[in-house]
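What follows is a short report on a single structure.
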Amino acid sequence: MTTINLKKADAFIKEAKKNVHPRYRLGYHIMAPANWINDPNGLVQYKGEYHVFFQHHPYDENWGPMHWGHVKSKDLIHWEHCPIALAPGDACDKDGCFSGSAVVDGEELVLIYTGHHLIDKEKDTFFQNQNIAISQDGLHFTKYEQNPVIAKPPHGSTQHFRDPKVWKHNNDWYMITGHQTEDGIGQVILFKSQNLRDWTYHGVLEQSDDKHGYMWECPDFFELDGRYVLMFSPQGMEPSGDLYQNLFQTGYFVGQYDYETNAFKHGDFTELDHGHDFYAVQTFKDDQGRRIAIGWMDMWESNMPTKEDGWAGALTLPRELHVSKEEQILMTPVEELKQLRKKEHTLLVDKLIEEPLSFDVTDDLLEIEVAFDLEATTAGSFGLKVRCGQTEETVISYDVNENKLSLDRSKSGKGVSGVRRVKLPEKNHLSLRIYLDRSSIEVFANEGIATLTSRIYPVEQNQGLSLFQSDGKVKVTHLKAWELEDIWKN
């Protein structure tokens, strides 16, 4: 069944690709050749190559029975599409191969994923289990004959039991999954194994209180810079000021963990990204020792104008993670992304600006780097407008008095709106790295202390770039832009 379903899906995608409209297609982000994708899955380095899998519905631009799409890369920036890795339809995953992770076990690459089984589609009743699939070459995967490796969740659970993330500590394998109790409490629960096939329930790693939602999806747990980090995507959190403005969130706890007692002591929940479109992040550790994260660059129930073009969904740029001394996650673009730079534009150096400026940089794939000296700035607010035209613009602005960085896409094109804001720690400078693609923007502030990730859909010819200020002058230390390579052009 698996081989037939995989061949059918690959053949369909090959034909669907011919009908995809190019206007919003991204130039240097991971996307499928056609149709729907969501969560990144199975981030791993295997036999000298980076592999990223993702939730994929090859037959439609809307969500549907989940397959695992697959790309690989030698350098983390130039990706190639591979055959679909997993297709549903077997007894262990009849109605979907949901999210999961990947590990290297000796010479084998092992995918660990959730099998989804519909009971009554109209009543939305289902059950979920955990399975593995094994590859010797990183391309072709055989489902374990004795799947599922975990048939059901512990006693007192609802039907929500998914998104396994697996890692090795000493000689044991550990798995966490997202989970919901019968009382509607979101949890991350823990299992332990010596062979990836026989698992023992090991207790609750952490769970929600009345503020942190009814279901925790896509958990990830790792040690970084001497601390332990639990990342997850809670569903059901209420907005609070500028925080938690999206339908669902992604965030983290930072603390200390004891493997012997399964005790995780940590600080408060912190939202990871403050833009409109960021969810289901997953991380991995590469052979350089870096902790690298990739998220889904969209949001459930949001407008996706690309659907009418035959595709939907993309993944963020790879980001290197660190933990600050204040126990905040810092996210910065991986160093390899500098290899995408082509023509450089030095636009401003050490200038005091007192009126709006426009710049002659017209490209739809850009990296922008700008630094402001706040001590020499008298303006109340300032910022950049990108992808500008007569009626369109995406605005990145900074309120000096409130120390708030905002991303406004009220005029960012088809089907999108809304402002997102994040308060930054007080400093005497503001530095921004901005990655613009044909239908996305990623903003990294002050060495990664805050990020804003959003989809935008401007008209193709709207490529203007300008700087503005109000109520005073702004000191620009430097403003540079680079045109970037289109990795999918060929």
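The values are calculated or read from the model by the stated rules, or taken from the named source; none is laboratory data. Everything quoted here is computed from the prediction, not taken from an experiment. Cβ: placed from backbone, ideal geometry, glycine included. Neighbour counts: every protein chain shown.
For residues that are more than 18 Å from Ile329 (Cα to Cα) and within 16 Å of the chain's Cα centre (by Cα), scanning just segment 236-256, find the one that is surrounded by the fewest Cβ atoms within 10 Å (Cβ to Cβ). Don't jump to the end; show me each part of the working.
Pass one, segment 236-256, residues more than 18 Å from Ile329 (Cα to Cα): 236-242, 245-248.
If we keep only those that are within 16 Å of the chain's Cα centre (by Cα) as well, we get 246-248.
Values: Asn246: 22, Leu247: 13, Phe248: 19.
The qualifying residue surrounded by the fewest Cβ atoms within 10 Å (Cβ to Cβ) is Leu247.
Taken together, Asp172, Asp163 contain a single residue that is under 17 Å from Cys97 (Cα atoms) and touching a Ser or Thr at 6+ places or on another chain (Cβ under 9 Å), which is Asp163.
If you go through segment 123-139 and keep only what is assigned to a loop (DSSP other than H, G, I, E, B) and among the hydrophobic types (A, V, I, L, M, F, W, C), you end up with just Leu139.
Quick one: which of Ile487, Ile441 is among the β-branched types (Val, Ile, Thr), assigned to a strand (DSSP E or B) and either closer than 15 Å to Leu365 by Cβ or modelled with pLDDT of 95 or more (or both)?
Working: Ile487 fails: assigned to a strand (DSSP E or B).
Only one candidate passes the filter, namely Ile441.
Among the candidates Thr270, Thr362, Thr346, Thr332, the residue that is hydroxyl-bearing (Ser, Thr, Tyr) and surrounded by 16 or more Cβ atoms within 10 Å (Cβ to Cβ) is uniquely Thr332. Of (1) within 17 Å of Met299 (Cα to Cα); (2) under 15 Å from the mean Cα position of the chain (by Cα); (3) assigned to a loop (DSSP other than H, G, I, E, B), Asn41 satisfies all except one. Which? So the condition that Asn41 fails would be (3). Total residues in segment 450-484 satisfying the condition of being assigned to a loop (DSSP other than H, G, I, E, B), in contact with a strand residue (DSSP E or B) (Cβ under 6 Å, 6 or more places away or on another chain) and at pLDDT 95 or above: the figure is 3.
Residue-wise test of (1) out of contact with any Phe, Trp or Tyr (no Cβ under 9 Å at 6 or more places or on another chain); (2) in the same structural domain as Ile189 (by TED's automatic domain parsing); (3) under 20 Å from His160 (Cβ atoms).
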{"residue": "Leu224", "(1), (2), (3)": "yes, yes, no"}
{"residue": "Gln235", "(1), (2), (3)": "no, yes, yes"}
{"residue": "Gly241", "(1), (2), (3)": "yes, yes, no"}
{"residue": "Phe248", "(1), (2), (3)": "no, yes, yes"}
{"residue": "Gln256", "(1), (2), (3)": "no, yes, no"}
{"residue": "Asp268", "(1), (2), (3)": "no, yes, no"}
{"residue": "Leu272", "(1), (2), (3)": "no, yes, no"}
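Which ones in segment 299-327 are touching a Ser or Thr at 6+ places or on another chain (Cβ under 8 Å) and polar (S, T, N, Q)? Within segment 299-327, Thr306, Thr316 qualify. Taking the criterion of being surrounded by fewer than 19 Cβ atoms within 10 Å (Cβ to Cβ) and not acidic (Asp, Glu), the residues of segment 311-329 that qualify are His322, Ser324, Lys325, Gln328.
Here the condition is being buried (at least 20 other Cβ atoms within 10 Å of the Cβ) and either among the aliphatic types (A, V, I, L, M) or assigned by TED's automatic domain parsing to the domain that holds Lys94 (or both); of Asn170, Asn131, it holds for Asn131 alone.
Among residues of segment 230-255 that are farther than 18 Å from Pro40 by Cβ, those with a beta-carbon under 8 Å from a residue that is among the hydroxyl-bearing types (Ser, Thr, Tyr) and outside any loop (DSSP other than H, G, I, E, B) at least six positions away or on a different chain give the pairs Phe253/Thr270; Val254/Tyr228; Val254/Thr270; Gly255/Tyr228.
Would you mind stating whether Asn147 is among the polar types (S, T, N, Q), farther than 21 Å from Asp39 by Cα and either loosely packed, with under 15 Cβ neighbours inside 10 Å or not assigned by TED's automatic domain parsing to the domain that holds Val44 (or both)?
Numbers: among the polar types (S, T, N, Q): yes; farther than 21 Å from Asp39 by Cα: yes; either loosely packed, with under 15 Cβ neighbours inside 10 Å or not assigned by TED's automatic domain parsing to the domain that holds Val44 (or both): no.
Here the answer is no, as Asn147 does not meet what is asked.
Pairs linking a residue in segment 82-110 that is closer than 24 Å to Glu217 by Cβ and not assigned by TED's automatic domain parsing to the domain that holds Lys168 to a residue that is part of a strand (DSSP E or B) and small (Gly, Ala, Ser), with Cβ atoms under 9 Å and 6 or more positions apart or on different chains, do not occur. Pairs are defined by a Cβ separation below 8 Å, a sequence spacing of at least 6 or placement on different chains, a first member in segment 12-35 that is within 22 Å of Leu340 (Cβ to Cβ), and a second member that is assigned to a loop (DSSP other than H, G, I, E, B) and acidic (Asp, Glu); the pairs so defined are Arg23/Glu460; Gly27/Asp364; Gly27/Glu485; Gly27/Asp486; Tyr28/Glu485; Tyr28/Asp486.
Residues in segment 439-490 that are touching a helix residue (DSSP H, G or I) at 6+ places or on another chain (Cβ under 6 Å) and either over 20 Å from Gly413 (Cβ atoms) or among the hydrophobic types (A, V, I, L, M, F, W, C) (or both) were compared, and the one that is surrounded by the most Cβ atoms within 10 Å (Cβ to Cβ) is Leu484. For Glu182, indicate whether it is charged (D, E, K, R) and under 15 Å from Gly251 (Cβ atoms). So Glu182 does not fit the description; no. Considering segment 20-66, the residues that are among the β-branched types (Val, Ile, Thr) and crowded, with 21+ Cβ neighbours inside 10 Å include one that is nearest to Trp167 (Cα to Cα), namely Val44.
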